[in-house]
Amino acid sequence: MTEMEGLKGFYDRYPDEWASWRALIDTVEETAREFGFNEINAPAVERADLYRVKSGEEMMEQMFNFEDKGGREVSLVPEQTPTRARMVQSRKDLSTPIKWFDTSKRWRYEEVQRGRDREFFQTDFDIIGAESVYADAEVVACAAEIYRKLGVDDRVDFLVNDRRLLESVLESLGVDNTDEVMRQVIDDREKMNREEFVRELADSGLDHGTAEEVAEITDISGPILETLEELEDLAPDGAADSVERMHDLAEALESMGSADMVQLDMSIVRGFAYYTGLVFEAFDAEGELRALFGGGRYDTLIGMFGSDQKAAVGFGFGYSTTMELLREEEMLPLAEPGPDAYVLPVNDEVRTEALDLVRELRSKGLSVETDLKDRNVGNQISYADSSGARHTLILGPEELEDGTVSVKDMVSGEERQVDRTDVLDVLSTD
Ligand code: HAM
């Protein structure tokens, strides 16, 4: 019979590969806890209506949706932000700021390519109920800390922008279809040269002079502290409040030690309809990979799901691209080592005592394996070796009689007799 293959864009991850993923997830979650985010858990399936309008047209097309047996139109969760908005509305007692994180799977029916899967993990970080620029700075600094911990912060650039800033710039230039221009033209800026970009702007109704001005302003890009001056010079008066907020963000990031990773890039818009202020994305500084993660401020989305209006800001840390970056940099977290010990019963006579030893060591928190296949001594040693066990504890009739265990150090190859009562000490000091 031919073996059945898994679905395209879905992945089987075996222990050696998954150990690296696990280590990366641990780093991300450890950072979340350090920044005071609390873990939540949310459904993998939601009513499809949750995403209608709120996430945007493109998301509706990418959803894995189906009718459940009760005739409801439901969908595998393509992103968690709308779920969180729903969750916040159903618990009015929560005190703000609410800081949540969670790592789980998302599903989007996308064209599968490098960094774009149909099933993928995200750790979402959100601060809900805080309008201040310090909440913006906190999420950006938290994301920066992840890359610092991974040792690749010099390969990563965070590009930030503010939709309100861009919108007021466009409005002051007389553009009235700002949303369309931002989301349909400026969002694709990086895919075009300047000439094509100006043509696209003209196609969406801008006269040539205005299109040139928009091109000039969306070209602003560079380290946040330095680029702010350029922005201050070029931005029209109508954008003064947003410019000031960007200024405050830069200062806060500087105090938090993260400004060096952050660039202001006036062409960043992001696809989701719900972002209202800060938008940001992280990229590989060498420009080879797709976005590492993305996020932004969404001050009106929560209000669309109930009576509470709450401002929010957050990001979705996507793993596929960061894994690729770590692989390229040879910085992948190493596969987990094997068990602390392999207990080797020489024959069936000592099996009960061997199992006793296994239980005792496991109860002290050690990871321990033993024979499950009735293997002879030679084969057990080979297995212990290939499993990466740190020590092999050999128990035969002689050891049983002497109350000892033969402890083999699998790195040095040395073997010594140890009193049964001292085994734990020996394992913990080696
Ligand atoms: P997003 O930009 O759609 O935002 O996704 C965030 C990150 O998830 C992306 O930058 C990427 O790393 C990863 N990602 C997205 N789609 C895929 C895919 N098909 N395969 C692999 N990785 C992918 C959101 O989802 C927002 N809900 C984030 C957010 C949270 N905004 C505020 N709070």
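Structure data summary
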read-out	value
Conditions (1) within 13 Å of LEU166 (Cα to Cα); (2) open to solvent by less than 10 Å² (accessible area, probe 1.4 Å); (3) within 16 Å of the ligand (Cβ to nearest atom); number of the one not met by TYR274	(1)
Residue that is within 21 Å of the chain's Cα centre (by Cα) and either without any contact (Cβ under 8 Å) to a residue 60 or more places away in the chain or in the same structural domain as GLN184 (by the TED database) (or both), where the choices are SER258, SER242	SER258
In the stretch 51-79, residue farthest from PHE125 (Cα to Cα) [restricted to those that are within 16 Å of the ligand (Cβ to nearest atom) and among the β-branched types (Val, Ile, Thr)]	VAL53
Residue match in the stretch 327-345 (condition: over 20 Å from GLY271 (Cα atoms) and within 16 Å of the ligand (Cβ to nearest atom))	yes
ARG47 being without any contact (Cβ under 8 Å) to a residue 24 or more places away in the chain and open to solvent by 50 Å² or more (accessible area, probe 1.4 Å)	no
Options PHE125, PHE120, PHE158: the member that is open to solvent by 10 Å² or more (accessible area, probe 1.4 Å), within 28 Å of ALA311 (Cα to Cα) and assigned to a strand (DSSP E or B)	PHE120
Condition broken by ALA239, with the remaining ones in (1) closer than 29 Å to PRO82 by Cα; (2) modelled with pLDDT under 90; (3) touching a Ser or Thr at 6+ places or on another chain (Cβ under 7 Å) satisfied	(1)
Hey, ARG13 more than 20 Å from ARG116 (Cα to Cα) and of a type outside the set (A, V, I, L, M, F, W, C) or not	no
Selection from the stretch 229-272 of residues that are aliphatic (A, V, I, L, M) and either in contact with a Lys or Arg (Cβ under 6 Å, 6 or more places away or on another chain) or over 22 Å from CYS142 (Cβ atoms) (or both)	LEU231, LEU234, ALA235, ALA239, ALA240, VAL243, MET266, VAL269
Some residue of the stretch 68-79 being open to solvent by less than 70 Å² (accessible area, probe 1.4 Å) and assigned to a helix (DSSP H, G or I)	no
Flag if LEU301 is crowded, with 17+ Cβ neighbours inside 10 Å and out of contact with any Leu (no Cβ under 8 Å at 6 or more places or on another chain)	yes
Residue satisfying all of: in the stretch 36-67; part of a loop (DSSP other than H, G, I, E, B) and among the polar types (S, T, N, Q); nearest to GLY9 (Cα to Cα) among these	SER55
Listing of strands (runs of 3 or more DSSP E) fully contained in the stretch 327-422 that carry 3 or more residues being open to solvent by 20 Å² or more (accessible area, probe 1.4 Å) and outside the structural domain of GLU17 (by the TED database)	415-419
Top-ranked residue in the stretch 278-326 [being more than 8 Å from the ligand (Cβ to nearest atom) and among the hydroxyl-bearing types (Ser, Thr, Tyr); ranked as modelled with the lowest pLDDT]	SER307
Criterion violated by THR96 - all others in (1) away from the ligand (no atom under 15 Å from the Cβ); (2) among the β-branched types (Val, Ile, Thr); (3) outside the structural domain of GLU324 (by the TED database) satisfied	(3)
Flag for PRO82 being more than 13 Å from the ligand (Cβ to nearest atom) and touching a residue at least 24 places away in the same chain (Cβ under 8 Å)	no
Top-ranked residue in the stretch 115-135 [being more than 10 Å from the ligand (Cβ to nearest atom) and touching a helix residue (DSSP H, G or I) at 6+ places or on another chain (Cβ under 7 Å); ranked as farthest from SER255 (Cα to Cα)]	VAL133
Any hit, the stretch 107-120, residues being outside the structural domain of ALA250 (by the TED database), within 27 Å of ARG245 (Cα to Cα) and in contact with an Asp or Glu (Cβ under 9 Å, 6 or more places away or on another chain)	no
Hits in the stretch 307-327 - residues which are in contact with a strand residue (DSSP E or B) (Cβ under 9 Å, 6 or more places away or on another chain) and over 20 Å from GLY294 (Cβ atoms)	LYS310
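Residues checked against (1) basic (Lys, Arg); (2) open to solvent by 40 Å² or more (accessible area, probe 1.4 Å):
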position	(1), (2)
ALA240	no, yes
SER267	no, no
GLU288	no, yes
ARG297	yes, no
THR321	no, no
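Condition check ((1) modelled with pLDDT of 95 or more; (2) in contact with a helix residue (DSSP H, G or I) (Cβ under 7 Å, 6 or more places away or on another chain); (3) in a helix (DSSP H, G or I)) across all residues:
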residue	(1), (2), (3)
MET1	no, no, no
LEU7	yes, no, no
GLU17	no, no, yes
ILE25	yes, no, yes
GLU29	yes, no, yes
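The values are calculated or read from the model by the stated rules, or taken from the named source; none is laboratory data. Everything numeric in this text was worked out from a predicted model, so none of it was measured. Backbone-built Cβ (ideal geometry, glycine too); neighbour counts: all protein chains shown. Ligands, DNA and RNA are stripped out before the accessible areas are found, and what is left, the full protein with its side chains, is counted by its heavy atoms. Shrake-Rupley method; radii C 1.70, N 1.55, O 1.52, S 1.80 Å.
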